[in-house]
Each structure stands twice: as C-alpha cells, then as structure tokens.
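Inspection log for the structure reproduced underneath, given as structure tokens.
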Amino acid sequence: MKNIRNFCIIAHIDHGKSTLADRLLQTTGTISDREMQNQALDDMDLERERGITIKSHAIQMNYKHEGQDYILNLIDTPGHVDFSYEVSRSIAACEGALLIVDASQGIEAQTISNLYLAIEHDLEIIPILNKMDLPGAMPEEVSDQIIDLIGCKMEDIIPASGKTGLGVDKILEAVINRIPAPKGDENAPLQAMIFDSVFNPFRGIIAYFRVRNGVLRKGDRVKFFNTGRDYNADEIGILKINPSLHPRNEIKAGDVGYIISGIKQANEVKVGDTITLLENPCLESIKGFEDVKPMVFAGIYPVDTEDYEELRYSMEKLQLNDSSLVFEPESSAALGFGFRCGFLGMLHMEIIQERLEREFNMTVITTVPNVSYYAYMKKNVNDRLIVNNPSELPDPSGMDRIEEPYIKAQVITKSEYVGAIMTLCIEKRGELRNQVYLTQDRVELTFEMPLAEIVFDFYDRLKSVSRGYASFDYHPVGYKESDLVKMDLLLNAEQVDALSALVHRSNAFNLGKKLCLKLKELIPRQQFEIPVQAAIGAKIIARETIKALRKDVTAKCYGGDISRKRKLLEKQKEGKKRMRQVGRVEIPQDAFMAILKLND
Amino acid sequence: MAGIYIHIPFCKKKCTYCDFHFSTTYHVYRTKMIAAICSEIILRKPYLNVDSSNPTIETIYFGGGTPSLLNKKEILTILNLIKENFEIIPNPEITLEANPDDLSIEKLKDFKAVGINRLSIGLQSFREEDLKWMNRAHTAEESFNCIQLAQQIGYDNISIDLIYGLPNLSLAEWEQTVQTAIDLNVQHISAYCLTVEGKTALKKWVDQSKISVANEEQQSEQFELLIEKLEKAQIFQYEISNFSKINLESKHNSSYWKGTYYLGVGPSAHSYNGNTRSWNIANNINYIKAIQNQSVWFETETLSAKDKFNEYLLTGLRMKIGVDLSKLFKIIQAPKSFSEKLNEFINTAWIVQKKEQITLTKEGKLRADYIASELFL
C-alpha cells in the first residue's frame, strides 16, 4: 500500500489538463507514442470536441522512482459545474490533487470550487503552472494567485508545459514524494467506494471503485450498500489503456479498480455507493453518498411523431450509461407524445440531445428548459406540489404561493467587466452577496439568484459581456417564494403548450414582447396571416404578426434551371417535414427554443 | 420533335444583376470557342437519339451571353453544321437573343439572311436610370430604334425582355413601360421580376443597403398589372413570365416546360432527353480544352420516376395549359396526401381543376414555387 498514490486533476476547461495527463501516461510508458491519440483520456467523441471531460476516468500507471516501483492511479474528473457531485466522489477517492492552472490565464471559478472540495477532503495539493511555453504566460502573477488561495510556497509550484513536456518528471516526483500513501486496513471488512460507472454493450455496467479497507477478490459475493442489491464479482481488475480492462484476482485496500457483475441498468450503480461483502459486511457506508437530483427539465419529442417508440428505446439506451438522466412520458397538444426529461444542468441537456443525434440518429425537438417549482395550494398551504412543466402549473386562483430554486453563483472575472456582469446578474434577479479582489485585476463576485435565470441564455450573455473573461460556478441553496406567472404563447389564436414558461411578473411584458418578435423571425411566412401573442391568463401582453406569404415564384425557369429548381424545392419540402403543425401553423424546431435566443 | 440550344458565352459588359455564364474577353478565343461548339454538335449527336427515334429538330435557339455579337459567317457555320447532322423540319423556329446596341441595319439583315426568323431582344427597361445601374450597353432610344428597324426589315416574330420590381419603379411607371411595350407591337414579351442573385454586384449593393428593390407587395402588384394589361392588348400569359399573341408562343422555350427533348451545346448549356439531364462545364477555357481533348465536359443525372413527377409539376404548373393529371399519374400513381394537398389548393382558389387538367389561378401564379413544392412527392 505504501507504494500506491491516488490522485486527481483539478483544472479549468482549456487549461491543458488532458494534454498534461497524456504526457504523464507517455512518460510512465502507460501509453506508447504510437498509441498516443491526442487526449487519450477523453474517449467520447463529444468530449474530445468540446475539450471537456463528461465522465470520470481512471488509469493506472507504473513508475519506477529511486529504485522503487510505484502504482499511480490517476482519476480524471468531469470538468463542468453540471457534474459537481461526480467531482466530489472522484476527489473522495484520492489522497492528492494536481491543481493545473494556465499560466497565461490564471485561476477560474470552476477551479476554485473544485479546489475547495479537494481541500475539504484533506487532499495534498500539488500546484502546477501549465502552458509555460506560451508567450503570454504570467508566471509571477498567477503564482501569487495560487499562493493566495492554498497558502503554499513559491517553490512548491511546478512550472510545466503539456506541449513541450516541461516539468513532467517533477510532477511525477511530487506525486510520489508529496502525496501520502493511502491508509486502510487490509484485514477489515471490505469497504470500497464507487466513483464512476460506464456502460459497455457487451459486458454491461462496469463500475470503478476505490478500496478503503479490506480486499475484493474475484468471485466474491458483493453488496451495494445504498441500493441494497447484491451481485457476483464476475470480473475485477485494474484500468489501463488499450485494453482498458486488465483482470486481476484481487484488489486490495488503497488501490483503484473495476468490477463487472452482470449489471444491466446504470441506475443500479450509484456514484458514491459503497461496495462491501455480503458475508462479512462493513458496518457503515462511506460518507458523502447522495442521490443526484435533476436540476433542469425539458421536453424531448421526436420530430416525426411515429418515432416515439424509437425515441424511448434510444433514451433507455442512453440511460444505461448515464444514470443521471431521468425521463417520463408526457404529451403536449403541440408536439404529441414525448418525454419530460430531467438533467443535471444545461450542458448535460445539450449533451443528451447531441448524443441522441449522433449515437442514435434521432433528431429531436427540445422544449424550453425549466427548473422544478413548488406550488402550494390555498386549500392546504402545507401541501407541496412539484411542478416540472410550466403547463402543469395549477390555476393561479387556487394557489397560495410558488417557490423556485435559488443558487449561489460565483463569477470570477477581470475587474474591468465587474460593472457589466453586475448589470447582467441584477437583470437576472440576482443579489450581490460578496465581492472579493483575488488580485488587483481579478474579482470574485458572489450572487444569489434564481436557477431559472441561469437556464435562460445566461451563459452566452455572461460570455459576451465579459468578452469570455468570466468563469462561472454555482450551487443550489434551496427554495424561495417568488412572484411567478405563467406566460402562454398563442399562434393564430391557439395556445402552444410547449412554448409556455414561468416568468417573474416584473419581467413578463418585456419577455413577452421579445419572444413574440423572435417567433416572428423564426416561423416562416405561411399561406395566411399569423398573429403571435403572449398572454398571462386571458390577458394579451404582446403581439406581433407574421404576414401571409404573398409571392413565391421564380422569374426564370428555362432548360438550365429545371433540375436546380426541382432540387431546391425538394429541399424546401424536406425542411418542412421537420416542422410541427399546431392548428394550421407550421412551426420549425428551433422556434421551440426561441426563449433561449432572445438576445441573438 | 426536339430543339437545339447554342450558348454563346460572351458579353460586351457585365450586367450588375446577371448570374448567367459568360465572359467579356471573348475576342481572345472567339474562334476557338466557335470551333469547340461545332465539335460538340457532332460529338453530342447521339444524345437525342434515345430510342433510335432520332427526333427531328423543330427549334434552334442562340442564347447567351450575347449571341448578337456573332457575325453572319459564324452563325452560318453553326446552322449548316446542324443541318448536316440532324434532320430538321421545314421552317424551323430559329431564335437569336440580341442586345439593342448590336442591332445595326447590316446585322439585322445578315441575321435574316442566314435564317434567323425570331429575335429575342434584351430591352429590360425603357428608363435610362435603370439601364445605367444595370450596366447595360444600350440606351432607351436604341431600344425603340432597333425594334422599328427590325420590323422594317421584315422580322415578324420579335420578343422583348422586360424587368419589373426594379428599384424605385412606381406602379404608374411600370404601367407606362408595359404600355410602351404594347405600342411597339411585338409578338412576344418575357417579363421577369428582378431577382437578386448571389455573387452579383446587385446582391452586394442590396446587402450594403445601397439599393433597395421592390418589396413583395409591389412585385405582386406589378405582376398583376402586367398580366391584366397585356391580356387586354391580346397578349396572353402562357407561362409565368412569358406572354404572346395567339399562336406566337416561343416554341423553343415551350419545349423546356413541355418535356420536349433538347440538346444544349456551349459552356454551361443543359440538355434533356427524357431520361437524363446533363450540363456542360461552366468555364470557357476548360470547356474548350475538354472538347479539344475529348475528355469530360458535362455531368449527367438520370431522372427517377419521382424526379420526373416533380419536374412535370414544376414546369407544368407554370404554364397556362397546366398539368394533365392522367399524364402525371402515369409517371407515378400519387399517394393520397397528394390529392389532399391538391384539394387544399383548390379550396384556397390557387388551383382550378377542369377534368384531368389542373392550372394555377392568378393568386396561385404568385406562389407557383410554394405550390409546386407542396405537391412534390
């Protein structure tokens, strides 16, 4: 056990985590130069494209240092606020963390919140200044930020570059010398924590775990503490690259491994759960387990109503390796049959939508996302009704009050953008709670604001008002009463349920106006005039008109034009197939997300 | 029956709204181009011979570009070659597109002498300001003169091109234009709504808001006025953009809409033989080289039954005679959704049906593309 080191990496998107990790794999011979596909750790196409890690990964490296053989387990963490619970579990599986900071950019909000998590778990932090090769590197300034944050010494910070390989040996040396070896009792009853799981179409669910105490042997009868289910440890082993699974007969306390036990459903394997033996169980589970709850909800509908069953099948398949995705059938007058889905956050929602398209070839209509509201009825003011879909909101006359989820939002930015960001956050019903200058030029702003406001075009606007120099992180802080009203949208005098949204009363007029304008832009002109109206109850608060199609005819159609014209019109017709008909109005898919693009 | 189209890809100047294929440096390789076109006529001879029927040629059309740049000898060379290689009916329709500035007495006489019996003259507008921004090579005065001249010389089948929807063209001014056209006593009028095509100077100006073209409402008004006014003058709309006195429709252009076979020679020219459509390279130098080397100078697509169905709808609906449903359903028996859509358009009075024949109403003509696409398979 004394030669095992378990560590993770904390870094902001684009700070070079994957490239540096690849260097570690290369230097330790875990991956050959030939196999080195850039960013070996991110193995989903989507992850590689977006430059973020969605799922955790674990890789074991062997390294000889001063005549001793060491086992280094690198546990990669997801890099987005949507997955902060998974991050916390990965951190709990480690004794140390590499804090990678881009020397040309400095610390970002995401890094700070994950760093605090690591410090909370008593991890040894090894600060690394990455991208030292860049001409824009500001090592002194960024070092000061790091020292401020974690109270380390200047000489503790390792200058590195994933690109040139600078500092990689020093990092490995620090991992061995500075990170403590795991503690645990091999003779105690088995106690292992699941920090991630993946779905393999041939093997079922593969769960990744870290053994705290005891030994897991092949063939053991194991029990998952929180779900209470028991399985056979059909195969256990360690994780490497190509092939990733290396079977072993036993995994001992302190080490990291995988288990395959014929589990078919991802939701049976919960991140943070404790694995123990059925025969000789540990007395208590490992602390910190949570059942992850979805934060953002949206309807997902097949473009072609006939594809409903296929969509269900695809979603079930997706759920196999993404247990945080929840869904239940719902129907909409406008969109027919579909599913109301719960996501961890906006990125998670986008990922699901993209995976449906890429992996299952399913084109879907996603409705405007919303959060989970609590409605309290007058009849019984303590009776709480959970509203995950605006169209399910009870009649206002019978309601006592509505509560919505609030978050604590952390923004780190350059001082010159503070004004613009404050204006944005206040517009989004945020209240400034704290403002701290991390350095002369970098400010950390803390707001309390409704989660629903983050769902509507917040990220894009934050990015634009700060020219990209703002990082953002948030945590839920509970529910608060709010003056919310349901705003409905009417097309050609017919209400389109999928376009309803709960909005703050003070914002309704403005939003209604903007939404009508946006819909006017997105819905193509049709054979008749279409009024676009926003309404609260029976009261129309905004109106626009989509004029009737008056003229659509090509002037010239001679010998050379026929083929081209036919193809053009065929394409138009094909495009119309993807639209949804509500009453007599044909609505293109993107109109259902119009509310998210009001400021485009 | 069949037609032959000869594309003459040269112009004196580039018109600001035009995206047709042509070059203004024709003098450099004019001889080579004529030679290449002549070679192509011989090489492509088998194209129209689909089921060993060798259709007779009833129409020949010199289009462009500006075919009126050609001299007597060049036209004669091409026409003689066609006569040597194809069977031609007596008195075929032979059209030449011409710009007013080219039509001197001598040229008009020359063209007549070599057998041109129909002129399609690119007048475009009678307003001097329009001709200026369009970068046309002629003046309004030249327009009047050349028509009178041609009529004096004995041309009795003249077509003129007009454009509406022009920047700042009021309805009254357009009415004046149409009246002027009627007074010229021509047999045929092609009237096009100004279309802002990509990659033209006009497109750039519109994007930069330097020029604003008519809005849909104005375009529709001008279109409707055109139809009514010409009809009163006994010039009837037989296709969306084409009007003629009785029995003086363009036979050649009608072949495009009626599904008659045609062979197109010259850069960018298109051909059709019932089963395939093909189109030539749209680059003068590459065209000449490819013909010289007898390498590939055209692409071909084979039409599926669905393609044929859609094309018949697209072209048929543009014509006064409309679409014959029995003929249409011989290509493919249309699904139920087709008749549902059709009924919808009959109900909105955009289409009328008489027995097996469906035609667009006046309102329907304004939306011909939309209706065709909706009825497509």
The stretch A:467-491 and the stretch B:295-333 have their Cα centres apart by a whole-number Å value of 54
What do the square roots of 5 times the Cα gyration tensor eigenvalues come to for the protein assembly as shown, in whole Å, largest first, as semi-axes of the equivalent ellipsoid?
71, 34, 28
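Let me know the charge dipole size of the stretch B:305-375 about its Cα centre in debye, to the nearest 20, where only the beta-carbon of Lys, Arg (+1) and Asp, Glu (-1) is charged.
220
Rounded, prolate or oblate: which fits the stretch B:2-256 when a ≥ b ≥ c are the square roots of the eigenvalues of the alpha-carbon gyration tensor, with rounded for a/c under 1.5 and prolate only if a/b beats b/c? Working shown, then result.
On the way: a/c = 1.71, a/b = 1.46, b/c = 1.17.
Note, shape of the stretch B:2-256 comes out prolate.
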In nm, to one decimal, how far is the A:Lys163 label point from the A:Leu134 one, both placed 7 Å along Cα→Cβ?
0.9
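If you wrap a convex hull around the C-alpha atoms of the stretch A:200-239 and split its volume per residue, what is the figure in Å³?
Working: hull volume 3.8 nm³, N = 40.
Residue-normalised Cα hull volume stands at 95 Å³.
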Heavy-atom accessible area of A:Arg248 with all protein chains present, probe 1.4 Å, nearest 10 Å²?
100
Taking the Cα atoms of the stretch B:75-159, what is the range of coordinates along each of the three principal axes, in descending order and whole Å?
46, 25, 19
Between A:Arg401 and residues 5 or more places away or on another chain, which pairs have amide H atoms under 5 Å apart, with H built 1.01 Å from N, and which residues are they?
A:Tyr376
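Any chance you could run the full-extension gain for B:Thr361 through B:Glu228? It's 0.36 nm times the residue separation minus the Cα-Cα distance, nm to one decimal. It would help to have the intermediate numbers written out before the result.
Details: separation 133, 0.36 × 133 = 47.88 nm, distance 1.31 nm.
46.6 nm is the gain from fully extending B:Thr361 to B:Glu228.
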Hey, if you put +1 on the Cβ of every Lys and Arg and -1 on every Asp and Glu Cβ in the stretch B:100-169, which of B:Gln148, B:Val114, B:Leu166 ends up farthest toward the positive end of that dipole?
B:Val114
Averaging over every viewing direction, what projected area does the convex hull of the Cα atoms of the stretch B:305-375 cover, in nm²?
4.1
Subtracting the Cα-Cα distance of A:Glu186 and A:His121 from 0.36 nm times their residue separation yields 21.2 nm
Protein-only accessible surface order, largest first, of B:His27, B:His188 at 1.4 Å:
B:His27, B:His188
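Per DSSP H run of at least 4 residues, take -39500 (n - 2.57); add these up for chain B, divide by its residues and hand me the 222 nm value, nearest 500 deg cm²/dmol. It would help to have the intermediate numbers written out before the result.
Values: 15 runs with 162 residues, N = 377.
Using -39500 (n - 2.57) per qualifying helix, the result is -13000 deg cm²/dmol.
Can you pull the mean other chain C-beta count within 10 Å for peptide B:313-324?
The per-residue average across the peptide is 2.
Among bridges DSSP assigns within the protein assembly as shown, what percent are antiparallel (round to 5)?
Working: 135 of 186 bridges.
If I count the DSSP bridges inside the protein assembly as shown, around 75 percent turn out antiparallel.
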Could you tell me which residue out of B:Ile75, A:Val443, A:Ser332 lies farthest along the dipole of the protein assembly as shown toward its positive end? Charges go on the beta carbon: Lys and Arg +1, Asp and Glu -1, centred on the Cα centre.
B:Ile75
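By Kyte-Doolittle mean hydropathy of at least 1.0 and Cα axial length of at least 27 Å, which whole DSSP H helices of chain B are selected? Please report the intermediate quantities before stating the final value.
Working: long enough: none.
What comes out of the filter, once short or polar helices are dropped, is none.
Find the Cα radius of gyration of the stretch B:120-276, compare it with 2.2 N^0.38 Å by division, and give the number to two decimals. Intermediate values should be presented prior to the final figure.
Values: Rg = 16.8 Å, N = 157, 2.2 N^0.38 = 15.0 Å.
Relative to the rule-of-thumb radius for its length, the stretch B:120-276 sits at 1.11.
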Between A:Lys379 and A:Arg578, 0.36 nm times their residue separation minus their Cα-Cα distance comes to what?
67.2 nm
Could you list, in their original order, any pairs among B:Lys14/B:Lys258; A:Lys270/A:Lys408; A:Lys597/B:Lys336 whose Cα atoms are separated by more than 28 Å?
B:Lys14/B:Lys258; A:Lys597/B:Lys336
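Divide, for the stretch A:413-534, the radius of gyration over alpha carbons by 2.2 N^0.38 Å, where N is the residue count. Intermediate results must be reported in sequence, preceding the final value.
On the way: Rg = 18.0 Å, N = 122, 2.2 N^0.38 = 13.7 Å.
My calculation over the Cα atoms of the stretch A:413-534 gives 1.31.
So for the stretch B:1-84, Kirkwood radius off the Cα pairs, Stokes-Einstein at 37 °C and 0.692 mPa s: how many µm² s⁻¹? Before the final figure, lay out each step's value.
Details: Rh = 14.0 Å.
Value of D from the Cα-based Kirkwood radius: 234 µm²/s.
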Between A:Gln265 and A:Ser506, the two model label points (7 Å from Cα along the beta-carbon direction) sit apart by a distance in nm of 4.5
Amide H within-cut-off set for A:Ile541, under 5 Å, with H built and near neighbours excluded
A:Ala534, A:Ala535, A:Ile536
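Anything in chain A that counts as a DSSP H helix reaching 30 Å or more along its axis (C-alpha) with Kyte-Doolittle mean of at least -1.0? List them, would you? Working shown, then result.
On the way: long enough: none.
Taking the DSSP H segments of chain A (at least 30 Å long, mean hydropathy at least -1.0), we get none.
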Give me the dipole magnitude in Debye, nearest 20, for the protein assembly as shown about the Cα centre, with unit charges on the beta carbon: positive for Lys and Arg, negative for Asp and Glu.
2720
Roughly what would the spin-label model give for B:Glu106 and B:Asn168, points 7 Å off Cα along C-beta, in nm?
3.8
Leaving out ligands, DNA and RNA, calculate the buried accessible area for the pair B and A with a 1.4 Å probe, summed over both sides, in Å² to the nearest 100.
3300
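Evaluate the relative contact order of chain A (contact order divided by residue number), counting alpha-carbon pairs under 8 angstrom at least 6 apart; express in whole percent.
Numbers: 1309 pairs, mean separation 57.8, N = 600.
About 10 percent, as a whole number.
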Could you give each residue of the stretch A:364-374 its phi-based ³J(HN,Hα) in whole Hz, using Karplus coefficients 6.51, -1.76, 1.60 with θ = phi - 60°, and x for Gly or Pro?
10, 9, 9, 8, 4, x, 9, 9, 9, 9, 10
For the stretch A:439-490, just list the percent of Cα-Cα distances falling in each 10 Å bin from zero outward, please.
17, 43, 28, 10, 2, 0
Around A:Ile365, which amide H atoms from residues at least 5 apart in sequence, or from another chain, sit under 5 Å from its own amide H, with H modelled in the peptide plane?
A:Tyr301, A:Val303
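The values are calculated or read from the model by the stated rules, or taken from the named source; none is laboratory data. Computed from a prediction, not measured in an experiment: that's the story for all the values here. Note that we place each Cβ from the backbone using ideal geometry, even for glycine, and neighbour counts take in every protein chain shown. Accessible surface is based on the protein model in full, side chains and every heavy atom, while ligands, DNA and RNA are left aside. Shrake-Rupley method; radii C 1.70, N 1.55, O 1.52, S 1.80 Å.
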